[in-house]
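Trainee: Below is a structure I'd like to ask you about.
Please treat every number below as a calculation from the coordinates, not as lab data. Quantities reported herein were computed from a predicted structural model and do not represent experimental measurements. Virtual Cβ from ideal backbone geometry, glycine too; neighbours counted across all protein chains shown.
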Amino acid sequence: MATKSEIKNVDEYIAGFDDETRLRLEQIRQVIKKAAPAAEESISYMMPAYKYLGRPLVYFAGYKNHIGFYATPTGHDAFKKELSVYKQGKGSVQFPVEEKLPVSLINKMVKFRVLENLEQSKTKTKK
C-alpha cells in the first residue's frame, strides 16, 4: 500500500481505507462528480481535491472516526445552520463514520461552490 505522500490519484487514496470508510468516501466522490461534472479531480494536501474553472471547489478526507469535508472558503458559512449538528473546524466539517452521510447537504454545498466559482470567473473576465 502506498503511503499518503505517494498517493497519485483518488482511487489509490480511497483504496487505503477499511470497507466502511471506503464506501463513504466513494459516496462523497460520486456526489461531487454528479453535482460538478466538469470539476477536475486530483490529490492536493494529500487528500482528494476538486477544482472548477481553475479554482478550488471542495476537498474530502478519511479519518478513523469521521470523514472530513472542506468547502472552503465560504461553503461552510453559507450552510452554518445545517452544519451546526456536526463537529467543525475552520473551513471543515466532520461527518462521523458511524452515521449516514448527509448526501443532500453535501450536494447543495458542492453546487453552491460551483456557482461561486462561476461568478468569480465571470467577475475576473470582466476586469
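Trainee: Please work out the FRET efficiency for the pair A15 and K87, using the Cβ-Cβ distance as r and a Förster radius of 22 Å; give the result to the nearest 0.05.
Mentor: 0.25
Trainee: Still on this model: Shape call for the chain from the C-alpha gyration tensor, a ≥ b ≥ c root eigenvalues: rounded (a/c under 1.5), prolate (a/b greater than b/c) or oblate?
Mentor: In terms of gyration-tensor shape, oblate.
Trainee: Helix 103-126: angle to the longest alpha-carbon principal axis of the chain, degrees 0 to 90, nearest 10?
Mentor: 40
Trainee: Let me ask something else about it. What spacing in nm lies between the two simple spin-label points modelled at T123 and V103, each 7 Å away from Cα in the Cβ direction?
Mentor: Calculated label separation equals 3.4 nm.
Trainee: Give the separation of the Cα centroids, the stretch 1-71 to the stretch 78-101, in Å.
Mentor: 17
Trainee: With 25 Å as the limit, write out which pairs from K81/K111; K90/K111; K8/K87; K81/K122; K8/K100 have Cα-Cα distances beyond it, or answer none.
Mentor: The answer is K8/K87; K81/K122; K8/K100.
Trainee: A further question on this structure: So, with +1 on the Cβ of K and R and -1 on the Cβ of D and E, and no other charges, what is the size of the charge dipole of the chain about its Cα centre, to the nearest 20 debye?
Mentor: Numbers: 22 positive and 15 negative charges, 155 e Å.
The dipole magnitude comes to about 740 debye.
Trainee: Further question on the same structure: Compute the acute angle (0 to 90°) between the alpha-carbon long axis of helix 19-35 and the principal axis of greatest extent of the alpha-carbon atoms of the chain; round to the nearest 10°.
Mentor: 20
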